[in-house]
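Quick notes on the structure that follows.
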Amino acid sequence: MCSCALASSSPQCHQKTGQCACMSGSTGSRCEACQHGYWNYGPFGCKKCDCEADLSLGIVCDVITGQCHCQDGTTGPRCDQCLPEYFRIPTYSCRLCDECVHLLNADSDALLISADVVNASVGNVSTKALTGARLKRIETEMSKLRVCSHEL
C-alpha cells in the first residue's frame, strides 16, 4: 500500500518501486518535498525559485518563503535590488558607492529638508503678482530637484 504525499499526482504508486508520481517541482519516493531550487510545497507541487542570477548566491531559495540568498549589498526576495549606498553594475553585482557619493546623498537629503521648510514658509508669505510668479517658478524648480535627488 502506498502513502503518497500531498504533491503526488495520484494516490497510487509504482507497484515494484513504490515511487509516487510527483507534481512539478516536488521530489521523494512519496513526493513529500520540494526539489533543489524549488519552494512553496503544496498540492500542485513546488514553485521554481526565481532568483536574480547576477545578484544572488545561486538558484536556491528558502523552501518556505522563496527568499533567495543574496550577495553582499543586495536585497529583495529575488535579490534584484541594491541596498542604499550601493549601485548596480549590469550583469555583475551591486557595489558599495565611494565616500563622495555618500556625502552627495547626505547633502541632497539635507537640501530636500531645507526645500520643504522653504516651501512651507512660502505659503505664509503675502506677495504681489510678480513676486508670486517668481515663488511659483522657484517651487517648480524645487519639485524638479526633489525628483532628481530621488533618482540618485
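Distance between the modelled labels on Glu141 and His69, one decimal in nanometres: 5.3 nm (7 Å Cα→Cβ projection). Here r is the Cβ-Cβ distance between Ser24 and Leu96 and R0 is 30 Å; the resulting FRET efficiency, rounded to 0.05, is 0.15. Under 5 Å between amide hydrogens, built in the peptide plane, is the criterion, and for Cys22 it picks out Ser9 among residues at least 5 positions away or on other chains. Distant-in-sequence amide contacts of Ala33, defined by a placed amide H-H separation under 5 Å and a gap of 5 or more residues or a different chain, comprise Thr27. Amide H contacts for Cys70 (H built 1.01 Å from N in the peptide plane; partners 5 or more residues away or on another chain; cut-off under 5 Å): Leu57. Sparsely packed loop sites in the stretch 16-69 (the chymotrypsin sites (Phe, Trp or Tyr not before Pro) outside DSSP H, G, I, E and B with at most 14 other Cβ atoms within 10 Å) comprise Phe44.
Loop-located trypsin sites (Lys or Arg not before Pro) in the stretch 1-100 (DSSP state not H, G, I, E or B) with no more than 15 neighbouring Cβ atoms inside 10 Å: Lys16.
Bear in mind these aren't lab numbers, they're just calculated from the coordinates by the rules spelled out. Just so it is clear, the model here is predicted, and its values are computed rather than measured. A quick note on method: Cβ atoms are made from the backbone with ideal geometry, for glycine too, and the neighbour counts reach across all protein chains shown.
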